[in-house]
Amino acid sequence: MNKKRFDQIILLIALVLLLFSPSLTFARPEYAVKESRNCPFCHTRDGPPQLNEIGVYYVTHNHSVEGYVPTPKATPTPEPIKKSRSEFT
């Protein structure tokens, strides 16, 4: 086989791998079916492949949400309402 033909085959293989590699890293519909959840359960609203807190837990705990406890969300303390002197009289 000549060098030019070999290079073309390697390039073709590389292109095929590049076309299919995103499907290896993006969301998997079977996970949504397995957990009976929609994609936004594990992904941010920006879409795949950005994972939210639950998604990171799912990936790092053998594709399971068992034992997941969400971190408490901090709520801002409301500012006290300032009353004018005329409201006190």
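At a glance:
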item: J(HN,Hα) series, the stretch 56-64, from Karplus relation 6.51 cos²θ - 1.76 cosθ + 1.60, nearest Hz, glycine and proline x; result: 5, 4, 4, 5, 7, 10, 6, 6, 8
item: Label-point separation, Ile81 to Phe6 (7 Å along Cα→Cβ), nm; result: 8.2 nm
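Read the figures in this text as sums done on the coordinates, not as results from a lab. Predicted model only: the values in this text are computed from it and were never measured. Cβ atoms come from the backbone with ideal geometry, glycine included; neighbour counts cover every protein chain shown.
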